[in-house]
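The block underneath contains the structure these notes are about, expressed in structure tokens.
The values are calculated or read from the model by the stated rules, or taken from the named source; none is laboratory data. Owing to the predicted nature of the structure, the values given are computational and were not obtained by experimental measurement. Heads up, the Cβs are rebuilt from the backbone with ideal geometry, glycines too, and the neighbour counts pull from every protein chain shown. When the accessible area is computed, the model is the full protein with side chains, heavy atoms only, and any ligands, DNA or RNA have been set aside. Shrake-Rupley method; radii C 1.70, N 1.55, O 1.52, S 1.80 Å.
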Amino acid sequence: MNVHRYERWWLTFGIAMLVIFLAIIGFAAFADHINPPTGMRQIDPTKVSQTPPFDKPGLRKLGDGSYEAYYVAKVFNFDPAILTVPTGAKVTFYVTSADVVHGFFIPNTDINMMVIPGWVNVESHTFTRPGEYLLICHEYCGIGHQNMFGKIEVRS
Amino acid sequence: MSLSERAENRVVIAHLYTATAAIALGAIFGVFQGFARTGVFGAPGWFDYYRVLTLHGVLMALVFTTFFITGLALFVTYKSIERTRSLGVAWFGWLLMLVGTAMAAVTILKGDATVLYTFYAPLKASPWFYIGATLLVLGTWVVAFELFENINYFRRENPGAPVPLVVFCTGATFVMWIVATLGIVAEMALLIPWAFGWTSGINVMLTRMFFWYFGHPLVYFWIMGAYIIWYNIIPTRYTGNVFSDALTRLTFVMLILLSTPVGIHHEFMDPGISSVWKMLHTITTYGVAIPSFITAFAIFASFELAAIKRGKKGFIATVSSLPWNDATFSGAALGMLLFILGGFGGLVNASYSMDTVVHNTIWIVGHFHVTVGGPVALTFLGAAYWMIPRLTGRALWKPEWALFQTRLWFFGMLIMSLSMHFAGLMGAPRRTAEVGYLGAATANAWQPLMLLAAAGGFFLFLSILTFVAVAVGTLVNNKPEVYEKVVFATPAEGAGPTPWALQHLYSWGALALILAVLAYAGPLGELLRHPGFLAPGMRTW
């Protein structure tokens, strides 16, 4: 098959770009541990309110000074609705759903997760700047989906 | 026009005008959403944003595109392979698709399937919605059967000869489609018994994986439809040629192979799928960019060769020698410009961790409007202006409106889609009726962009009305005209014989299935090893 010289240059350039992009993503993943959320824990979606620690959603402080936040998403709210953490806190969010698929998204942070009934999803973020952060359900979950949001207050 | 030709044309017209009805209704539902989301215009009490959004998504993404592509496939088949044929199979396919669409549409209109076009379980719609969607897919299989049967006929009659390029491209599109739709059929096999209440719960992650096994190649089904037109029809508008027969076939073979093993890049933010599989599907998704690189080169090379033939040299002379006042060319070419944006955005979305910034924000909506809503839809409408007169034997009604329509679409889409991309980067979510969040500062920042997006959407609405006026006007109103036999673009002189490997279709389909199994064996096996808990499902609307 006859491939024109210019086309060979163009394809070499294109494929080289793809390889460079992949190398950057790969470096970020393997060297800097920047990965999407991948929670592997399972939970009975019909018994979330009886299953610790989701029977008492909210914030826990760990020995090393970081925090864990346990959230239950259900139509059409988050529990807890408001979370207050100090500036600089590293918070690991554990989220599950008691009914349908929800989203767990905090704009202007790294927190972007799907919340699937039957599973616990996990992601961490360090809140370096004080202020009010919006927590949004960003997957359609029913008639009141637009009212499903919460707040993270980061206080200095 | 002979009687048998007239009969063939009628089937194609049925498909194309069903697509036209879908895009007209979809546009009406679409323009409402744009205005509702601004929060400025008070929506009337009866207005149900999510029901309208479901209708818009299903009609545009699933019905308009599918009917147009099946119509295009039959057009290509009947115009390229001459024989006496019975049209029962083609009509049956159309009828099955129509019945399925009607079933799904009625359940949505009644409010029994407000589940959006992704119908993510455990949102539980009426079983008739799932059955309707399944019939739509099965109808496309019947059309595919008609196409393959004609390809087999051509091969029997012309032993050793490669099938015509345009038929090869169309055949490849449907080989890919068969491999891809196995996913949706598997998902429906879980959803339908559950929706009837015969099973007590649903494995949510399994349905998501089946859906996206189908969902991403669905995107490539649309794009391959546009590529069929770019390679084989557009060059006839500027008396040009296909740049290379072999490279065109290679592009379509690559699309058969690489379209399916990529779906998990839609599930980067999901639990239950290990990072290794997410990374694997990042790499394979990058691979499917390569046939698009080849296409970009081939299209521009074809432009340039045609210009050189007319004695024009250089970039400006080449661009200005193109038939920008031809609505068919204009639709495709403006669509290509939008696809540059779509390609860049697509690489971001597919990029594993980078997807965190944009996943489920309105950036994604902006992205698929400059892909399926840009290059694909605009190319289809442009091609309709070329096909409809040749099918009906009537001159196009108001060709200047047709040209205006493609330009209005381009500007409307640019405004709407860019606004959506920027708002998405600020964090505005997709699929949400109101995005004000009680005046939160974060939300205030993106509100002006919602207004701009609505304005762009309104231009698109006007553009579609114009298209419908021209399409219907041609059918009912305009004067008969005699057209020459349809001829598709031919390869430039000096092209060598078609390589043996690029004459096959079905064997590439079999290999594609093997690749898909390999790409999904890991993540699917992982899910099946963690069967966990079934979700009962509910109706939350």
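With charges set only on the Cβ (+1 for Lys and Arg, -1 for Asp and Glu), what does the dipole of segment B:442-540 come to about its Cα centre, in debye to the nearest 20?
340
What longest region of chain B stays clear of GluC sites (Glu not before Pro) that DSSP places outside H, G, I, E and B and that have at most 13 other Cβ atoms within 10 Å?
On the way: sites that count: B:82, B:481, B:484, B:493.
Between exposed loop sites, the widest span is B:83-480.
Tell me the relative contact order for chain B as a rounded percent, counting alpha carbon contacts under 8 Å between residues six or more apart.
20
Exactly which trypsin sites (Lys or Arg not before Pro) in segment B:82-151 are in a DSSP loop and have at most 11 other Cβ atoms within 10 Å?
Answer by residue number: B:83.
I'd like the chymotrypsin sites (Phe, Trp or Tyr not before Pro) in segment B:425-526 restricted to DSSP loop residues with at most 15 other Cβ atoms within 10 Å, sorted by number.
B:483
With the dipole of segment A:66-156 worked out from charges on the C-beta (+1 for Lys and Arg, -1 for Asp and Glu) around the Cα centre, which of A:156, A:71, A:117 lies farthest toward the positive end?
Value: A:156.
Shielding by partners for B:122-128, please: the mean number of other protein chain Cβ atoms within 10 Å of each residue's Cβ.
2
What is the sum of charges, Lys and Arg at +1 and Asp and Glu at -1, for the other residues whose Cβ falls under 12 Å from the Cβ of residue B:428?
Charge balance in the 12 Å sphere: +2.
Using +1 at the Cβ of each Lys and Arg and -1 at the Cβ of each Asp and Glu in segment B:442-541, identify which of B:535, B:499, B:467 lies farthest towards the dipole's positive end.
Checking the options against the dipole of segment B:442-541, the answer is B:535.
What's the local net charge at residue B:324, with K and R +1, D and E -1, over the other residues with C-beta under 11 Å away? Mind dumping the intermediate values first?
Details: positive: B:237, B:407; negative: B:326.
Cβ neighbours under 11 Å give a net charge of +1.
Mind pulling the angle between the C-alpha long axis of helix B:275-287 and the longest principal axis of chain B? Nearest 10 degrees, somewhere in 0 to 90.
20
If you fit an axis through the alpha-carbon atoms of helix B:204-232 and take the longest principal axis of the Cα set of chain B, what angle between them do you get, 0 to 90°, nearest 10?
20
Output the Cα-based Rg and Dmax of segment B:274-360 in Å, rounding Rg to one decimal and Dmax to a whole number.
17.7, 57
Where does segment A:72-129 land on the Kirkwood hydrodynamic radius, alpha-carbon pairs, in angstrom?
12.0
Please give the per residue accessible area of segment B:321-454, computed with a probe of 1.4 Å over protein heavy atoms only, in Å².
Using a 1.4 Å probe on heavy atoms only, each residue of segment B:321-454 averages 31 Å².
So for segment B:83-185, what percent of the C-alpha to C-alpha distances run longer than 18 Å?
Within segment B:83-185, distances greater than 18 Å cover 58 percent of Cα pairs.
For chain B, what is the calculated [θ] at 222 nm in deg cm²/dmol (nearest 500), taking -39500 (n - 2.57) for each run of four or more DSSP H residues and dividing by its residue count?
Rounded to the nearest 500, it is -23500 deg cm²/dmol.
Quick one: work out Rg over Rh on the C-alpha atoms of the protein assembly as shown, Rh as Kirkwood radius.
Rg/Rh for the protein assembly as shown comes to 0.97.
At q = 0.24 Å⁻¹, work out log10 I(q)/I(0) for segment B:403-455 with the Debye formula, treating every Cα as an identical point scatterer and leaving solvent out; two decimals please.
Per q value, in the given order, log10 I(q)/I(0) is -0.87.
So how long is each side of segment A:41-105 along the principal axes, counting just the alpha-carbon atoms, biggest first, in Å?
34, 21, 17
Viscosity 0.890 mPa s, temperature 25 °C: what is the translational diffusion coefficient of chain B from Stokes-Einstein with a Kirkwood Rh over Cα pairs, rounded to a whole number of µm²/s?
Roughly 103 µm²/s, to the nearest whole number.
If one takes the longest principal axis of the Cα atoms in chain B, at what angle in degrees, from 0 to 90 and to the nearest 10, does the Cα axis of helix B:377-392 lie?
50
To the nearest whole number, what is the average tally of beta carbon atoms from other chains within 10 Å of the beta carbons of peptide A:131-139?
Across A:131-139, the average partner-chain Cβ count within 10 Å equals 6.
Pairs B:309/B:479; A:56/A:151; A:47/A:90; B:79/B:479; B:312/B:479: which exceed 27 Å Cα-Cα?
The answer is B:309/B:479; A:47/A:90; B:312/B:479.
Taking every eigenvalue of the Cα gyration tensor of segment A:1-84, multiplying by 5 and rooting it, what semi-axes result, largest first, whole Å?
Gyration-tensor ellipsoid for segment A:1-84: 48, 18, 12 Å.
What per residue convex hull volume, in Å³, comes out for segment B:377-504 when only alpha-carbon positions are used?
Residue-normalised Cα hull volume stands at 198 Å³.
Show me the chymotrypsin sites (Phe, Trp or Tyr not before Pro) within segment B:25-98 that DSSP assigns to loop and that have at most 16 other Cβ atoms within 10 Å of their Cβ.
When the chymotrypsin sites (Phe, Trp or Tyr not before Pro) of segment B:25-98 are filtered for loop state and at most 16 Cβ neighbours within 10 Å, B:41, B:46, B:47 remain.
Give me the net charge of residue B:532's neighbourhood, meaning all other residues with Cβ under 13 Å from the Cβ of residue B:532; Lys, Arg count +1, Asp, Glu -1.
Neighbour charge sum, excluding residue B:532 itself: +1.
State, to one decimal in nm², a quarter of the convex hull surface area for the C-alpha atoms of segment A:24-156, i.e. the direction-averaged projected area. Please list the in-between numbers first.
On the way: hull surface 34.0 nm².
Seen from a random direction, the Cα hull of segment A:24-156 projects 8.5 nm² on average.
Mind checking Rg over Rh on segment B:187-272, alpha carbons, Kirkwood formula for Rh?
Value, to two decimals: 1.21.
Working from the alpha-carbon coordinates of segment B:450-541, get Rg over Rh, Rh being the Kirkwood radius.
My calculation puts Rg/Rh at 1.22.
For segment A:27-67, what D do you get in µm² per second when you plug the Kirkwood radius from alpha-carbon pairs into Stokes-Einstein at 20 °C and 1.002 mPa s?
161
Work out the length of the dipole vector of segment A:50-139 about its Cα centre, built from +1 on the beta-carbon of each Lys and Arg and -1 on the beta-carbon of each Asp and Glu, and round it to the nearest 20 debye.
On the way: 6 positive and 9 negative charges, 43 e Å.
Once rounded to the nearest 20, the dipole reads 200 debye.
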